[in-house]
1. Can you run down the residue pairs with Cβ atoms below 7 Å, 6 or more apart or on separate chains, where the first is in the range 47-64 and part of a helix (DSSP H, G or I) and the partner is loosely packed, with under 12 Cβ neighbours inside 10 Å and not small (Gly, Ala, Ser)?
2. Can you name the residue in the range 28-56 that is acidic (Asp, Glu) and under 11 Å from the mean Cα position of the chain (by Cα) and, of all such residues, is most open to solvent (accessible area, probe 1.4 Å)?
3. Considering each residue of the range 43-70, count those that are closer than 11 Å to SER23 by Cα and among the acidic types (Asp, Glu), and give that number.
Amino acid sequence: MKTLHKTFALIALASSSAAFAASDFDTIDADGNGVISQSEAAVNADLTAAFTELDTDGNGELSKAEFANF
């Protein structure tokens, strides 16, 4: 039973760490091209929900300046 609890704790920790890491522009910009695409934004549910509002020029990508408003 202790092993099961440790496993769940480890999974919860890994999940929260991934969510935290996915809040940094350079981390989310997986291909390193200087913008965040909608598919790259999918790693963060809050960013996905706000994507259209943040994309002020409507080009389907978020620049660092647009992401700064997140």
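1. Close Cβ pairs (under 7 Å, with a partner that is loosely packed, with under 12 Cβ neighbours inside 10 Å and not small (Gly, Ala, Ser)) amount to LEU54/ASN69.
2. The qualifying residue most open to solvent (accessible area, probe 1.4 Å) is ASP46.
3. 1
The values are calculated or read from the model by the stated rules, or taken from the named source; none is laboratory data. Here the structure is a predicted model, which is why all the values come from computation and not from measurement. Virtual Cβ from ideal backbone geometry, glycine too; neighbours counted across all protein chains shown. Surface accessibility is based on the protein's heavy atoms, side chains included, excluding ligands, DNA and RNA. Shrake-Rupley method; radii C 1.70, N 1.55, O 1.52, S 1.80 Å.
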